[in-house]
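S.K.: Pasting a structure below so you can have a look.
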Amino acid sequence: MSAIHDEPVIVSGGSRGLGLALVRAFLASGRRVATFSRSPTPQIQALAAEPAQHDRFHWEQVDGTNAAAIHDFVGAIGGKWGDIGALVNNAGIGADGLLALMRQADVERTISLNLGGTVLLTQACCKWMIRANRGSIVNVSSVNAIRGHTGVAVYSATKAAVDGLTRSLARELGPRGIRVNSVAPGYFESDMVKELSDAARERIVRRTPLGRMAQISDITNVVQFLVSDQAAFVTGQVIVVDGGITC
């Protein structure tokens, strides 16, 4: 993938799953990468300890819903590397359950991180991008924002709101050379999917025109494309990566 250079990229929630895969993909492409998560994992600690990544990678334990902590994290990265070229809003949680039966704490926690955290981090990062008159923001959404499913009403609402944020910010920030897009993954090989029964996995594959679940690289490749100069005229879009399941 050409035109990916070493401008710093911030990836939220980079300690596991898709976030960790994005961190590794950006590092492999030559980017400097900063990420944070609420708690460490053995994988992110091992990555931070690699001597080869000393000047190219930064991880910090940060609560993505804490405005002051987010402001300090972004300021430290911008000050350290002098720039923030791209942001990937990946951090999020999915509290399953029928809305009428969900605990209020779970409702508020999902909204606070999935939507509130995305707004907070974007607000902090876009100030650096505005100064530079360039930048790219990618919000990780979900096919649940496009098609309704039982038991994920609150999660779906937060992801639909993120897509609305994407479209509005694309208009606000476009004149300053900043692009904003969403990526909406479908089912992909992850810890969450591993918990599905064989029958559930088979149903998903049958409903998917391409006849398989996505590999995590199917998602990271699209995110990298949107961040790169190859997507220089793409903004305000929700790119669905689901093998056609929402057709």
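The values are calculated or read from the model by the stated rules, or taken from the named source; none is laboratory data. Every value quoted in this text rests on a predicted model; they were computed, and no experiment measured them. Cβ atoms come from the backbone with ideal geometry, glycine included; neighbour counts cover every protein chain shown.
S.K.: When the residues of segment 133-152 are filtered to those that are among the aliphatic types (A, V, I, L, M) and either more than 19 Å from Gly64 (Cα to Cα) or without any contact (Cβ under 8 Å) to a residue 60 or more places away in the chain (or both), which remaining residue is surrounded by the most Cβ atoms within 10 Å (Cβ to Cβ)? Let's see the steps before the verdict.
M.R.: Start the filter on segment 133-152 by keeping residues that are among the aliphatic types (A, V, I, L, M), which leaves 137-138, 140, 143, 145-146, 152.
Next, from what is left, pick out any that are either more than 19 Å from Gly64 (Cα to Cα) or without any contact (Cβ under 8 Å) to a residue 60 or more places away in the chain (or both): 137, 143, 145-146, 152.
Numbers: Ile137: 28, Val143: 19, Ala145: 21, Ile146: 18, Val152: 20.
Across segment 133-152, the extreme among qualifying residues is Ile137.
S.K.: I need a count of the residues in segment 191-247 that are over 18 Å from Asp163 (Cα atoms), in contact (Cβ under 8 Å) with a residue 40 or more places away in the chain and in contact with a Gly (Cβ under 9 Å, 6 or more places away or on another chain).
M.R.: Matching residues across segment 191-247 total 6.
S.K.: Among the candidates Ala199, Ala160, single out the residue that is at pLDDT 95 or above, at negative phi and in a helix (DSSP H, G or I).
M.R.: The match here is Ala160.
S.K.: Within segment 210-229, count every residue that is in a helix (DSSP H, G or I) and either closer than 15 Å to Ser182 by Cα or of a type in the set (D, E, K, R) (or both).
M.R.: Of the residues in segment 210-229, 11 are in a helix (DSSP H, G or I) and either closer than 15 Å to Ser182 by Cα or of a type in the set (D, E, K, R) (or both).
S.K.: For segment 215-226, which residues satisfy the criterion of being surrounded by 21 or more Cβ atoms within 10 Å (Cβ to Cβ) and small (Gly, Ala, Ser)?
M.R.: Within segment 215-226, no residue meets the criteria.
Residues checked against (1) farther than 18 Å from Phe26 by Cα; (2) at pLDDT 95 or above; (3) of a type in the set (S, T, N, Q):
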| residue | (1), (2), (3) |
| --- | --- |
| Ala48 | no, no, no |
| Trp59 | no, yes, no |
| Gly64 | yes, yes, no |
| Phe73 | yes, yes, no |
| Ile77 | no, yes, no |
| Ile84 | no, yes, no |
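S.K.: Can I ask one more? Given the criterion of a type in the set (Val, Ile, Thr), over 22 Å from Ile178 (Cα atoms), touching a Leu at 6+ places or on another chain (Cβ under 8 Å) and not in a loop (DSSP other than H, G, I, E, B), identify the matching residue among Ile93, Ile44.
M.R.: From the options Ile93, Ile44, the qualifying one is Ile44.
S.K.: Specify which of the listed residues (Gly151, Gly116) is farther than 23 Å from Thr220 by Cβ, modelled with pLDDT under 95, out of contact with any helix residue (DSSP H, G or I) (no Cβ under 8 Å at 6 or more places or on another chain) and not aromatic (Phe, Trp, Tyr).
M.R.: Unique residue meeting the criteria: Gly151.
S.K.: Could you list, in sequence order, the residues of segment 75-101 that are over 18 Å from Leu115 (Cα atoms) and either touching a helix residue (DSSP H, G or I) at 6+ places or on another chain (Cβ under 9 Å) or touching a residue at least 60 places away in the same chain (Cβ under 8 Å) (or both)?
M.R.: Gly75, Ile77, Gly78, Trp81, Asp83, Ile84, Gly85, Ala86, Gly97, Leu98
S.K.: Looking at segment 127-149, which of its residues are under 23 Å from Gly14 (Cβ atoms), not in a helix (DSSP H, G or I) and not β-branched (Val, Ile, Thr)?
M.R.: Arg134, Gly135, Ser136, Asn139, Ser141, Ser142
S.K.: Between a residue in segment 153-177 that is farther than 12 Å from Val143 by Cα and surrounded by fewer than 20 Cβ atoms within 10 Å (Cβ to Cβ) and any residue that is modelled with pLDDT of 95 or more and small (Gly, Ala, Ser), which pairs come within a Cβ distance under 6 Å, given they are 6 or more apart or on different chains?
M.R.: Cβ pairs passing all conditions: Arg167/Gly236; Ala170/Gly236.
S.K.: When you look at Ala95, is it modelled with pLDDT of 95 or more and either over 28 Å from Arg32 (Cα atoms) or hydrophobic (A, V, I, L, M, F, W, C) (or both), yes or no?
M.R.: Against the criterion (modelled with pLDDT of 95 or more and either over 28 Å from Arg32 (Cα atoms) or hydrophobic (A, V, I, L, M, F, W, C) (or both)), Ala95 does not qualify.
S.K.: If you don't mind, there's one more thing I want to ask. Quick test of your reading of the structure: Ile70 fulfils all but one of (1) more than 14 Å from the chain's Cα centre (by Cα); (2) under 25 Å from Glu189 (Cβ atoms). Name the failing condition by number.
M.R.: Of everything listed in (1) more than 14 Å from the chain's Cα centre (by Cα); (2) under 25 Å from Glu189 (Cβ atoms), Ile70 misses just condition (2).
S.K.: Looking only at residues in segment 1-29 that are in a loop (DSSP other than H, G, I, E, B), under 19 Å from the mean Cα position of the chain (by Cα) and not charged (D, E, K, R), which one is surrounded by the most Cβ atoms within 10 Å (Cβ to Cβ)?
M.R.: Gly14
S.K.: State which residue pairs qualify: first residue within 13 Å of Ala68 (Cα to Cα) and inside segment 117-132, second residue among the β-branched types (Val, Ile, Thr) and part of a helix (DSSP H, G or I) in any location, beta carbons under 6 Å apart, and separation of 6 or more residues or different chains.
M.R.: So the pair list comes out as Leu120/Ile70; Leu121/Ile70; Ala124/Ile70; Ala124/Val74.
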